[in-house]
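Student: Have a look at this one before I ask anything.
The values are calculated or read from the model by the stated rules, or taken from the named source; none is laboratory data. The shown structure was predicted, so the numbers you read here are calculated from the model rather than taken from an experiment. Quick reminder, even Gly has a Cβ in these numbers, built from the backbone with ideal geometry, and neighbours come from all protein chains shown.
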Amino acid sequence: MKPVSGLSRRRFIGAVPVAAGVSALALERAAGQGGGAVFGKSGLRILSERPVNAETLVADLDPRYTSNDKHFVRNNGGLPERALSGSLEGWSLRIDGEVGNTLEFSLDDLQARFETVSRALVLECAGNGRAAFQPGASGNQWWLGAVGCARYTGVRLRDVLGAAGVRDTAVYVAYYGEDPHLSGNPDDVPISRGVPLSKAMDESTLLAWEMNGEPLPPHHGFPLRIVAPGFPASVSGKWLRRLWVRDQVHDGPKMMGYSYRVPRYPVAPGTDVPEEDMEIIGPMPVKSIITRPETGVRHAGGGPLAIRGWAWAGDGPVNAMHLSADFGTTWLPCQLEEPENPFAWQRFEGSVAFDIPGHYELWARATDHQGRQQPMVVPGWNPRGYLNNAMHRIAVTAL
Amino acid sequence: MKRLLLAGAIALLPVAAFANPEERGLPALAAVQESDGQALIDENCLYCHDDSYIRALHLPREEWEGVLDMMIGMGMPPLDPEVQEQILDYLEEEHGPRESSPSPGAGASADAETEDLPWAFPRYRPNPLFWRER
């Protein structure tokens with residue numbers, strides 16, 4: 001393992017433990033440098049600094065693999081000191097609960113004992129696009145950039161669970177990480193979610209130690225995280241220390257109430273939905289994004305305008321991709337590649353010609369493997385503003 | 001109300017409330033006029049996150065109180081009761097419930113709030129009839 005590179009002397013948001021972070025941030029603000037940077041990141045839109053939440057600008061989603069410095073961050077607590085020091089001293093991963101053998105692994109153990117795999121995997125926050133809901137929903141006001149596709153290297157979670165011997169009574173795999181609660185109370189847990197056993201046993205669900213060929217960056221869970229692609233990214237626990245195999249649906253922080261849950265039935269916008277009518281979000285819906293050109297582009301020359309972007313879905317591949325330049329009256333098919341591996345996003349490319357100069361909207365619509373398409377409008381209002389997979393639209397002025 | 005009390009993803013964490021700057025040996029932050037609600041928001045809320053968290057919501061006072069409770073659940077130290085009342089006064093005044101549902105072209109404030117969204121560049125709002133019929 002390569003050590004995490006040394007810290008710059010400049011204070012970065014989230015680059016200090018919780019207790020010390022207060023004064024560091026205060027000093028930064030007092031010096032007029034507030035809102036500056038998140039450690040290890042550049043050019044993100046920062047939504048909050050405690051905890052760090054920051055999203056990728058659309059143009060930076062254009063590369064096949066979202067780079068480590070551009071990938072969105074959704075933290076619930078502070079950054080563990082280990083993530084910054086890069087030290088593995090005292091670190092282990094414990095597997096317990098509904099297993100035949102409680103096991104404890106060092107990172108070396110995991111790497112030596114199980115087959116190492118690399119996969120390009122999409123992680124998307126369940127609240128990506130929340131800012132478009134009307135009436136507004138509380139939470140991070142993500143626009144379009146709480147999604148990314150990086151190349152992760154690790155072992156299959158199912159191999160590790162298999163070594164521990166999952167009992168017949170197991171139904172859920174819960175995680176606990178090292179991230180400290182922002183209250184500073186060591187007994188508080190900022191987030192502890194998990195996945196149904198079936199998702200944990202999926203071939204693509206990994207315990208990863210590398211992201212794009214580098215050790216997991218501090219904000220992405222050094223030294224080890226779950227990557228359960230297709231599900232809300234909050235199930236892909238970071239800074240892992242424990243996997244608790246449970247005989248019931250996990251009830252840790254951010255599993256209950258309204259967190260990462262939507263109503264079991266369609267509700268009118270603004271409805272006060274009873275808590276017992278909320279259900280946990282499973283696979284994310286089909287979605288796509290235009291990464292080139294950027295919205296607001298002025299297209300000169302009269303020739304066709306090349307369009308490209310990415311399409312993905314939470315439970316299988318995307319089968320078709322279309323563009324419309326006339327508000328959905330007609331649709332142009334795009335070229336759509338096969339995914340590099342399950343849960344990798346897929347490149348689409350198309351071109352649009354404009355016969356008459358003027359203002360246009362381009363709409364992008366993905367269709368998944370079951371024929372489900374992205375909706376034109378922001379779909380299914382829900383109390384916390386999850387699962388907005390409305391078509392991406394960009395404005396084009398044809399000159 | 002319940003959904004706001006129980007919801008937990010906003011990060012309104014008033015770092016400045018941990019202790020006053022002088023006690024921590026830090027330079028004083030910008031002076032706050034006690035009667036200035038926006039300044040109190042700046043000092044206590046925007047220290048940790050941007051104002052999109054607030055602009056997205058239009059709530060009655062008791063639900064804003066629920067949001068503050070939610071923040072405490074996430075690690076926010078409780079506010080001085082007087083400061084909390086002033087903040088709630090401000091939120092109630094500036095971010096209280098809208099009188100009507102947002103309607104395309106009808107509400108300048110709604111447009112202003114979405115002006116900086118990437119999807120605001122397209123100027124057509126989907127399904128305007130839905131809102132007009134309500």
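Student: Could you list, ordered by first residue, the pairs with Cβ atoms under 7 Å in which the first is in segment B:58-76 and within 18 Å of B:E94 (Cβ to Cβ) and the second is exposed (fewer than 15 other Cβ atoms within 10 Å of the Cβ) and at pLDDT below 90, at least 6 apart or interchain?
Tutor: Pairs that qualify, where the first residue is within 18 Å of B:E94 (Cβ to Cβ) and the partner is exposed (fewer than 15 other Cβ atoms within 10 Å of the Cβ) and at pLDDT below 90, are B:H58/B:P97; B:H58/B:R98; B:L59/B:P97; B:P60/B:P97; B:E62/B:M1; B:E63/B:M1; B:G66/B:M1.
Student: Right, another one. Scan segment A:257-279 for residues that are modelled with pLDDT under 95 and among the charged types (D, E, K, R) and report the count.
Tutor: 1
Student: Would you check if there is a residue in segment A:250-261 being surrounded by fewer than 16 Cβ atoms within 10 Å (Cβ to Cβ) and either under 17 Å from the mean Cα position of the chain (by Cα) or not assigned by TED's automatic domain parsing to the domain that holds A:P317 (or both)?
Tutor: Yes; the residues of segment A:250-261 include at least one that is surrounded by fewer than 16 Cβ atoms within 10 Å (Cβ to Cβ) and either under 17 Å from the mean Cα position of the chain (by Cα) or not assigned by TED's automatic domain parsing to the domain that holds A:P317 (or both).
Student: Considering only residues of segment A:272-286 that are farther than 26 Å from A:P342 by Cα and crowded, with 16+ Cβ neighbours inside 10 Å, which is farthest from the other protein chains (Cβ to nearest Cβ)?
Tutor: A:M278
Student: Then there is this: Quick check on this structure: which one of A:P215, A:P223, A:P274, A:P190 is closer than 30 Å to B:P60 by Cα and touching a Pro at 6+ places or on another chain (Cβ under 8 Å)?
Tutor: A:P190
Student: Now for a separate question. Name every residue in segment A:217-230 that is over 16 Å from the mean Cα position of the chain (by Cα) and either within 14 Å of chain B (Cβ to nearest Cβ) or outside any loop (DSSP other than H, G, I, E, B) (or both), in order of residue number.
Tutor: The answer is none; no residue qualifies.
Student: Looking for something away from every other protein chain (no Cβ under 14 Å), within 24 Å of B:M76 (Cβ to Cβ) and either surrounded by fewer than 22 Cβ atoms within 10 Å (Cβ to Cβ) or more than 16 Å from the chain's Cα centre (by Cα) (or both) - is there at least one such residue anywhere in segment A:49-62?
Tutor: no
Student: Can you confirm whether A:H299 is within 24 Å of A:S42 (Cβ to Cβ), more than 13 Å from chain B (Cβ to nearest Cβ), touching a residue at least 60 places away in the same chain (Cβ under 8 Å) and not charged (D, E, K, R)?
Tutor: For A:H299, the condition - within 24 Å of A:S42 (Cβ to Cβ), more than 13 Å from chain B (Cβ to nearest Cβ), touching a residue at least 60 places away in the same chain (Cβ under 8 Å) and not charged (D, E, K, R) - is not met.
Student: For A:A208, state whether it is touching a strand residue (DSSP E or B) at 6+ places or on another chain (Cβ under 8 Å), more than 12 Å from chain B (Cβ to nearest Cβ), surrounded by 23 or more Cβ atoms within 10 Å (Cβ to Cβ) and of a type in the set (G, A, S).
Tutor: yes
Student: Now, a different point. Any residue at all in segment A:385-393 that's among the charged types (D, E, K, R), surrounded by 15 or more Cβ atoms within 10 Å (Cβ to Cβ), within 14 Å of chain B (Cβ to nearest Cβ) and part of a loop (DSSP other than H, G, I, E, B)?
Tutor: No, the conditions are met nowhere in segment A:385-393.
Student: If A:P186 meets every condition in (1) modelled with pLDDT under 95; (2) outside any loop (DSSP other than H, G, I, E, B) apart from one, which number is that one?
Tutor: Looking at each condition in turn, A:P186 falls short on (2).
Student: Taking the conditions exactly as written (at pLDDT below 95, surrounded by fewer than 19 Cβ atoms within 10 Å (Cβ to Cβ) and within 14 Å of chain B (Cβ to nearest Cβ)), does A:G43 satisfy them or not?
Tutor: It is false that A:G43 is at pLDDT below 95, surrounded by fewer than 19 Cβ atoms within 10 Å (Cβ to Cβ) and within 14 Å of chain B (Cβ to nearest Cβ).
Student: Look through A:A83, A:A112, A:A137, A:A131 and report the one residue that is assigned to a helix (DSSP H, G or I) and at pLDDT below 95.
Tutor: A:A131
Student: Against the conditions (1) out of contact with any helix residue (DSSP H, G or I) (no Cβ under 9 Å at 6 or more places or on another chain); (2) surrounded by fewer than 16 Cβ atoms within 10 Å (Cβ to Cβ), where does A:V377 fall short? Just the number, please.
Tutor: Status for A:V377: all satisfied but (1).
Student: Continuing with the same structure: Evaluate segment A:231-242: report whether one residue or more is among the hydrophobic types (A, V, I, L, M, F, W, C), in a loop (DSSP other than H, G, I, E, B) and either crowded, with 17+ Cβ neighbours inside 10 Å or in contact with a helix residue (DSSP H, G or I) (Cβ under 7 Å, 6 or more places away or on another chain) (or both).
Tutor: So far as segment A:231-242 goes, yes, one or more of its residues are among the hydrophobic types (A, V, I, L, M, F, W, C), in a loop (DSSP other than H, G, I, E, B) and either crowded, with 17+ Cβ neighbours inside 10 Å or in contact with a helix residue (DSSP H, G or I) (Cβ under 7 Å, 6 or more places away or on another chain) (or both).
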